[in-house]
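Reading through the structure tokens given below for one structure.
The values are calculated or read from the model by the stated rules, or taken from the named source; none is laboratory data. Small disclaimer: the values here were computed from a predicted structure and weren't measured. So basically every Cβ, Gly included, is an ideal-geometry build from the backbone, and we count neighbours across all protein chains shown. SASA here: full protein model, heavy atoms, side chains in, ligands and nucleic acids out. Shrake-Rupley method; radii C 1.70, N 1.55, O 1.52, S 1.80 Å.
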Amino acid sequence: MRLIGNILWIILGGIEIAIGWALVGLVLCISIVGIPLGIQAFKMAGLTLTPFGKTVRYGGGFGSTLANIVWVVLVGIWMALSYVAAGVFNCITIIGIPFGLQSFKMAKLALWPFGAQIENL
């Protein structure tokens, strides 16, 4: 079921969003200051490409919390809200509920990415 979900996800727009995240990551990694942000963008690209069968484990310490606060203020809230909106629209139909749940998982990661690890189930 994970394979079918990931294939449908990729066909229905996951590849475009993942490519967008990867390009943002490349642009951010041009400067030394942007490298930590670029790494988080690559993390989002990986989860956005194939979200089914993956889980996000949150952790980190004080440094991750400070970085996440800066992230939320600068961009995290807007990205998370867009993923929540996509999740709500997906959950309108029964067929879209699994895709909506994946969008909610990505919304949480988009809001608080530092210290998070993506793991396969």
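(1) in contact (Cβ under 8 Å) with a residue 60 or more places away in the chain; (2) touching a Ser or Thr at 6+ places or on another chain (Cβ under 8 Å); (3) open to solvent by 60 Å² or more (accessible area, probe 1.4 Å): which one isn't true of L12, the others all being true?
Here L12 meets the rest and fails (2).
With the structure loaded, tell me whether I19 is open to solvent by 70 Å² or more (accessible area, probe 1.4 Å) and free of Cβ contacts under 8 Å to residues at least 24 places away in the same chain or whether it fails that test.
Considered against the rule, which asks whether it is open to solvent by 70 Å² or more (accessible area, probe 1.4 Å) and free of Cβ contacts under 8 Å to residues at least 24 places away in the same chain, I19 comes out as no.
Give region 37-67 a look and list any residue that's polar (S, T, N, Q), assigned to a helix (DSSP H, G or I) and under 23 Å from I19 (Cα atoms), or say none.
Correct list: Q40, T48.
Got a number for residues in region 83-100 being surrounded by 15 or more Cβ atoms within 10 Å (Cβ to Cβ) and either among the basic types (K, R) or in a helix (DSSP H, G or I) (or both)?
8
Go through region 18-54 and report how many residues are closer than 15 Å to K105 by Cα, among the β-branched types (V, I, T) and out of contact with any Gly (no Cβ under 7 Å at 6 or more places or on another chain).
Qualifying residue count, region 18-54: 1.
Could you identify the single residue in G61, G38 that is at pLDDT below 90 and over 18 Å from G5 (Cβ atoms)?
Every option except G61 fails the conditions.
Kindly establish whether I17 is within 13 Å of A116 (Cα to Cα), within 16 Å of the chain's Cα centre (by Cα), modelled with pLDDT of 90 or more and outside any loop (DSSP other than H, G, I, E, B).
Values: within 13 Å of A116 (Cα to Cα): no; within 16 Å of the chain's Cα centre (by Cα): yes; modelled with pLDDT of 90 or more: yes; outside any loop (DSSP other than H, G, I, E, B): yes.
Against the criterion (within 13 Å of A116 (Cα to Cα), within 16 Å of the chain's Cα centre (by Cα), modelled with pLDDT of 90 or more and outside any loop (DSSP other than H, G, I, E, B)), I17 does not qualify.
Of all residues in region 101-121, how many are open to solvent by 90 Å² or more (accessible area, probe 1.4 Å), of a type outside the set (A, V, I, L, M) and without any contact (Cβ under 8 Å) to a residue 24 or more places away in the chain?
0
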